[in-house]
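Colleague: My questions all concern the structure below.
The values are calculated or read from the model by the stated rules, or taken from the named source; none is laboratory data. This is a predicted model, so every value here is computed, not measured. No Cβ is skipped: glycine too gets one built from the backbone with ideal geometry, and neighbour counts run over all protein chains shown.
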């Protein structure tokens with residue numbers, strides 16, 4: 001490790017220690033956090049089961065940057081490259097369409113055997129796996145409805161798919177010794193104002209009851225439900241609204257997923273965490289970056305990411321929160337997108353940990369809002385970057401922008417040779 005990095009770290013430690021912050025301990029805490037990195041950034045949400053199927057469900061990926069993964073082997077290679085540039089040991093979040101099998105299998109008939117190569121790879125890499133049923137980009141979702149569909153046969157198809165997905169999630173957790181979070185998101189909704197808002201939600205509730213009927217070992221699998229305010233093609237009405245899933249999750253003890261891009265543009269999930277934490281045993285976060293009508297931009301170190309991290313740290317919510325990423329951008333190098341988003345999420349958590357929370361809390365309780373504001377502002381320019389550099393160097397990954405040269409080299413030697 002270069003001496004300048006160590007020296008800067010030691011000087012930073014002294015500044016933080018003056019406020020009672022043990023930086024070495026903070027880095028131990030950071031190393032224990034696992035970010036679930038989403039596989040679908042690597043191939044533009046195409047998957048491998050129905051690769052020729054057009055994207056539906058309000059999902060659209062823009063851009064044509066060369067080098068998208070075309071096979072499970074290429075996707076795993078890209079993930080390995082990304083993880084080699086990110087400090088810590090993390091997880092991979094799979095969608096059902098990413099099965100690695102030569103068998104032609106329908107979504108309602110998927111089994112753990114269709115993902116065995118992912119499990120063996122994860123064991124070798126020391127990674128965990130999370131899972132999602134894929135309730136979009138399928139002929140049985142072409143009209144925009146799945147679990148709330150008015151046709152009982154189509155609805156049953158999606159129920160069986162979600163049940164099979166839970167079994168796969170439980171298998172992942174058992175095999176890898178890391179709890180798998182299996183998250184359900186559906187695109188169901190209307191483009192224009194419906195006559196009946198209640199009936200689809202009744203059908204969805206009944207379908208979810210059937211999906212979750214089998215009790216699974218929570219050490220192996222945890223269920224989550226994910227809401228959305230609107231989507232392309234469902235601008236007027238989404239069956240699985242925030243209110244619906246919050247009620248369902250609370251009533252049925254499921255993780256409630258908060259996606260940073262699934263709410264009104266003036267609404268932020270950081271302000272929801274403390275309230276929700278009082279009533280749930282666990283929360284799933286999908287860290288993304290909303291921008292107008294598109295909710296899935298690469299995560300940057302912006303104000304909302306910093307606020308989310310602050311809430312998790314200051315509210316002592318890290319133990320009950322599962323953090324995953326959810327964005328897809330085909331206009332830039334896809335491996336770089338993973339690295340930027342994951343490193344930024346870790347940076348935000350580190351910065352939140354390097355704040356004198358107790359001193360700020362005491363000032364607030366005493367009504368000393370002057371001290372609260374002064375310390376909050378001063379710590380924004382404390383040298384957390386020196387701590388981050390040390391953490392990267394200690395973890396054996398590139399410091400600062402040095403990772404970009406490795407991505408560019410990988411692009412030249414691997415990605416550009418894949419063709420179109």
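Colleague: Pick out the one residue from 131, 136, 157 that is in the same structural domain as residue 240 (by TED's automatic domain parsing), within 30 Å of residue 196 (Cα to Cα) and outside any loop (DSSP other than H, G, I, E, B).
Modeller: Result of the check over 131, 136, 157: 157.
Colleague: Residues in the stretch 299-310: is at least one touching a strand residue (DSSP E or B) at 6+ places or on another chain (Cβ under 9 Å) and farther than 24 Å from residue 224 by Cβ?
Modeller: Step one: list which residues in the stretch 299-310 are touching a strand residue (DSSP E or B) at 6+ places or on another chain (Cβ under 9 Å), which gives 299-300, 302, 304-305, 308.
Now narrow it down to the ones that are farther than 24 Å from residue 224 by Cβ: 300, 302.
Yes.
Colleague: Another question about this same structure. Which ones in the stretch 191-209 are surrounded by 13 or more Cβ atoms within 10 Å (Cβ to Cβ) and under 26 Å from the mean Cα position of the chain (by Cα)?
Modeller: Within the stretch 191-209, 201, 204, 205, 207, 208 qualify.
Colleague: Filter the stretch 355-366 down to the residues that are surrounded by fewer than 21 Cβ atoms within 10 Å (Cβ to Cβ) and not in a helix (DSSP H, G or I) and list them by number. Quick ask: steps written out before the conclusion?
Modeller: Of the residues in the stretch 355-366, the ones surrounded by fewer than 21 Cβ atoms within 10 Å (Cβ to Cβ) are 356-366.
Once the filter is applied, which keeps residues that are surrounded by fewer than 21 Cβ atoms within 10 Å (Cβ to Cβ) and not in a helix (DSSP H, G or I), the stretch 355-366 yields 356, 366.
Conditions tested, residue by residue: (1) buried (at least 19 other Cβ atoms within 10 Å of the Cβ); (2) in the same structural domain as residue 371 (by TED's automatic domain parsing).
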| site | (1), (2) |
| --- | --- |
| 4 | no, yes |
| 7 | no, yes |
| 20 | no, yes |
| 27 | yes, yes |
| 48 | no, no |
| 51 | no, no |
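Colleague: Look through 28, 74, 10, 80 and report the one residue that is free of Cβ contacts under 8 Å to residues at least 24 places away in the same chain and under 23 Å from the mean Cα position of the chain (by Cα).
Modeller: On the way: 74 fails: free of Cβ contacts under 8 Å to residues at least 24 places away in the same chain; 10 fails: under 23 Å from the mean Cα position of the chain (by Cα); 80 fails: free of Cβ contacts under 8 Å to residues at least 24 places away in the same chain.
Every option except 28 fails the conditions.
Colleague: Mind checking whether some residue in the stretch 277-291 is at pLDDT below 95, surrounded by fewer than 19 Cβ atoms within 10 Å (Cβ to Cβ) and out of contact with any strand residue (DSSP E or B) (no Cβ under 9 Å at 6 or more places or on another chain)?
Modeller: no
Colleague: Okay, moving on. From the list 168, 184, 256, pick out the single residue that is touching a helix residue (DSSP H, G or I) at 6+ places or on another chain (Cβ under 7 Å) and free of Cβ contacts under 8 Å to residues at least 40 places away in the same chain.
Modeller: The match here is 256.
Colleague: Just a yes or no: is a residue in the stretch 399-415 at pLDDT 95 or above, under 30 Å from residue 253 (Cα atoms), touching a helix residue (DSSP H, G or I) at 6+ places or on another chain (Cβ under 8 Å) and surrounded by 18 or more Cβ atoms within 10 Å (Cβ to Cβ)?
Modeller: Within the stretch 399-415, none of the residues are at pLDDT 95 or above, under 30 Å from residue 253 (Cα atoms), touching a helix residue (DSSP H, G or I) at 6+ places or on another chain (Cβ under 8 Å) and surrounded by 18 or more Cβ atoms within 10 Å (Cβ to Cβ).
Colleague: Which residues, taken from the stretch 67-104, are exposed (fewer than 14 other Cβ atoms within 10 Å of the Cβ) and in a loop (DSSP other than H, G, I, E, B)? Quick ask: steps written out before the conclusion?
Modeller: Just the residues of the stretch 67-104 that are exposed (fewer than 14 other Cβ atoms within 10 Å of the Cβ), to begin with: 71, 73, 102-104.
Scanning the stretch 67-104 gives 71, 102, 103, 104.
Colleague: Here is a follow-up. Look through 240, 261, 315 and report the one residue that is in contact (Cβ under 8 Å) with a residue 40 or more places away in the chain and within 14 Å of the chain's Cα centre (by Cα).
Modeller: None of the others qualify; the one that does is 261.
Colleague: Restricting to the stretch 166-204, name every residue that is assigned to a loop (DSSP other than H, G, I, E, B) and more than 15 Å from residue 127 (Cβ to Cβ).
Modeller: Across the stretch 166-204, the qualifying residues are 185, 186, 187, 188, 191, 192, 193, 194, 195, 196, 197.
Colleague: Right, something else. Considering only the stretch 367-420, give the helices (runs of 4 or more DSSP H) lying wholly within it that have at least 2 residues that are farther than 21 Å from residue 330 by Cβ and in contact (Cβ under 8 Å) with a residue 40 or more places away in the chain.
Modeller: 384-395
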